[in-house]
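Each value in this text was obtained by applying a stated rule to the coordinates, not by laboratory testing. This one's a predicted model, so the numbers in the text were calculated from it and none came from an experiment. Note: ideal-geometry Cβ built from the backbone for every residue, glycine included; neighbour counts use all protein chains shown.
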């Protein structure tokens, strides 16, 4: 059984730690659900540049160490909520 948190000891004496469940979830989601068809317009060249993008990242957060999916990359932006009057 692999531990939940793992730490690599580097040759320079420093250590790098990571959460194994989050790392594996992020790797699998990135491999399966990355959009490789994102287009950005270059206004000067008037051409579209194609790039890959994935905005789903898992992280352990809070006192309960819950897995959280962030709703947006920017602050104060709601994620696709439709309000009806």
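Shape of region 5-68 from its Cα gyration tensor (a ≥ b ≥ c, root eigenvalues): rounded if a/c is under 1.5, otherwise prolate when a/b > b/c, or oblate?
It is prolate, given that a/c is not under 1.5 and a/b is the larger ratio.
Quick check: pseudo-label points 7 Å beyond the Cα along Cα→Cβ at residue 23 and residue 55, how many nm apart are they?
Each label point is offset 7 Å from its Cα along the Cβ direction, giving 2.8 nm.
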